[in-house]
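Each remark here refers to the structure printed beneath this line.
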């Protein structure tokens, strides 16, 4: 299910949804939390973006695992992990970053939905009114920042794994 679509890796096709909409969802959620006047307008878009971010993060993570096993079939073996092969290490680094990004996306989704549905609904409410609301707001704010950071680091490690050797083997155009 998460391996190939039309002969292409699902991971490469779906990761862009998470990379683009995840940070947009995080930023929109922060605006929702800290700009009470905009809450009524942003409530549904933030909720929908949170679900899209969480689900696309999970699909990206699962499809990435399928792609990693396709690229390095014996990835789980201890000898492969300890081989010192730079490509294998790059794939392992990216897999770890992707696992974290997928988990952060799910935490972000759940925390944001709690905030939108229950904790921070009314436009006139102070977001720091009660202990539970303050806790939810703090969790959402932290998970929003963590989402952006984890997507960045997972993306960087993925680009390094996919393109690092190719770019290193080429010359700079124009001799620079």
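The values are calculated or read from the model by the stated rules, or taken from the named source; none is laboratory data. Every value quoted in this text rests on a predicted model; they were computed, and no experiment measured them. Quick reminder, even Gly has a Cβ in these numbers, built from the backbone with ideal geometry, and neighbours come from all protein chains shown.
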Can you find even one residue in region 8-23 that is in contact with a helix residue (DSSP H, G or I) (Cβ under 7 Å, 6 or more places away or on another chain) and not in a helix (DSSP H, G or I)? yes
Out of region 39-83, which residues are assigned to a loop (DSSP other than H, G, I, E, B) and more than 20 Å from residue 156 (Cα to Cα)? 73, 74, 75, 76, 77, 82, 83
For region 74-109, which residues satisfy the criterion of being more than 19 Å from residue 160 (Cβ to Cβ) and surrounded by fewer than 16 Cβ atoms within 10 Å (Cβ to Cβ)? 74, 76, 77, 78, 79, 82, 103
With the requirement that a residue be modelled with pLDDT under 80 and out of contact with any helix residue (DSSP H, G or I) (no Cβ under 6 Å at 6 or more places or on another chain), what does region 122-141 give you? 122, 124, 125, 126, 129, 130, 131, 132
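Of everything in region 29-54, what is under 24 Å from residue 13 (Cα atoms) and either surrounded by 16 or more Cβ atoms within 10 Å (Cβ to Cβ) or without any contact (Cβ under 8 Å) to a residue 12 or more places away in the chain (or both)? Give them in sequence order. Reasoning before the result, please.
Quick first cut of region 29-54, residues under 24 Å from residue 13 (Cα atoms) only: 45-54.
Within region 29-54, 46, 47, 48, 49, 50, 52, 53, 54 qualify.
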Just checking, how many residues over region 1-28 are over 30 Å from residue 118 (Cβ atoms), crowded, with 18+ Cβ neighbours inside 10 Å and touching a residue at least 60 places away in the same chain (Cβ under 8 Å)? 3
